[in-house]
Amino acid sequence: MPRGAVLGLAVALGLAATAHAQTAEQAADANVAARGGLEAWRAVQSMTMIGLMDVGKGMQVPFTLQLKRPRKMRLDFLFDGQLVMQAYDGTQGWKRQPHLGRAGVEPLSEEEMESAAGQTDLDGPLVDFRAKGHQVELLGHEEVEGRDTLKLAVTLAAGTTRHLYLDAETFLEVKVDGTRRGGGKDRPMETFFRDYRPVEGLLIPHTLESRLEGAPSSHKLVIESVELNPELPDALFTPPAS
């Protein structure tokens, strides 16, 4: 059976089994089934995404995002012809910002560490949420961009709570509410997930749009390609030699 047919069958079965999800756990399980299934996501140990992202004032720059279990992340992007890096190895983080006149490697600030630590979960908070120690609560229905959604409160094992909105028909993520710390305070931020495409049997959004409260405009991240289980040495996530 072609891969596309297998994916379609898996999604259909997952939705049929949970079409009338009444509890938060049922809704979370339906989301995982719709995105390709728990075992398929467990098999993903690393991921590379390549695309374009907004950096303000209408500018888009090419980026590469590399993720590796358990909690490693590295983001590289070109700005004004210079390579900017930011990475987190699960415990410590570092950055190199030559576009700001800083040629050397610097540790991430406390605020940047919090942000990086929240972006290292390559499969999202609902995949294996029980094993991760997350708690989910169904808060009811809410309309998001004209679509009926199930609103979940997801409390991470670390104690942070996010609101996640699942399409009531497909169970795919539509939006997540969170915060971004800056200037010593938390600011509300919402991120929208769009343009889901199949990648080796998984459904992955290829456009993310974030809106930070008080910011003059939103920021988009457009993913052009996704590679699952690439070989990513641990050295990628450690600071480079000066």
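The values are calculated or read from the model by the stated rules, or taken from the named source; none is laboratory data. Since the model is a prediction, treat every value here as computed from it, not as a measurement. Cβ: placed from backbone, ideal geometry, glycine included. Neighbour counts: every protein chain shown.
Do you know which of the residues in the stretch 159-178 that are under 25 Å from GLY90 (Cβ atoms) and touching a residue at least 12 places away in the same chain (Cβ under 8 Å) is surrounded by the fewest Cβ atoms within 10 Å (Cβ to Cβ)?
In this case the residue turns out to be THR160.
Residue pairs, Cβ under 6 Å, 6 or more apart or interchain, first in the stretch 132-154 and farther than 9 Å from TYR165 by Cα and outside the structural domain of LEU164 (by TED's automatic domain parsing), second β-branched (Val, Ile, Thr) and exposed (fewer than 14 other Cβ atoms within 10 Å of the Cβ). List them.
Close Cβ pairs satisfying both conditions: none exist.
If GLY146 satisfies every condition in (1) of a type outside the set (A, V, I, L, M); (2) farther than 25 Å from GLN26 by Cα; (3) over 15 Å from the mean Cα position of the chain (by Cα) but one, which is the exception?
Tallying (1) of a type outside the set (A, V, I, L, M); (2) farther than 25 Å from GLN26 by Cα; (3) over 15 Å from the mean Cα position of the chain (by Cα), GLY146 fails exactly one: (2).
Given the options LYS72, LYS57, name the one that is of a type in the set (D, E, K, R) and either under 14 Å from the mean Cα position of the chain (by Cα) or surrounded by 16 or more Cβ atoms within 10 Å (Cβ to Cβ) (or both).
Residue meeting the stated conditions: LYS72.
Could you list, in sequence order, all residues of the stretch 200-237 that are surrounded by 13 or more Cβ atoms within 10 Å (Cβ to Cβ), farther than 30 Å from GLU39 by Cβ and in contact with a strand residue (DSSP E or B) (Cβ under 8 Å, 6 or more places away or on another chain)?
Listed by number, the residues that qualify are GLU209, SER210, ARG211, LEU212, SER218, HIS219, LYS220.
So which residues in the stretch 164-200 are more than 26 Å from SER46 (Cα to Cα), assigned to a strand (DSSP E or B) and at pLDDT 95 or above, if there are any at all?
Scanning the stretch 164-200 gives a single hit, ASP167.
Out of (1) aromatic (Phe, Trp, Tyr); (2) in contact (Cβ under 8 Å) with a residue 24 or more places away in the chain; (3) under 27 Å from ALA33 (Cβ atoms), what's the single condition that is false for PHE193?
With (1) aromatic (Phe, Trp, Tyr); (2) in contact (Cβ under 8 Å) with a residue 24 or more places away in the chain; (3) under 27 Å from ALA33 (Cβ atoms) applied to PHE193, the lone miss is (2).
Please count how many residues of the stretch 139-152 are among the hydrophobic types (A, V, I, L, M, F, W, C) and closer than 16 Å to VAL32 by Cα.
2
Pick from THR161, THR207, THR170, THR179: which is β-branched (Val, Ile, Thr) and either more than 28 Å from PRO70 (Cβ to Cβ) or not assigned by TED's automatic domain parsing to the domain that holds GLU39 (or both)?
THR170
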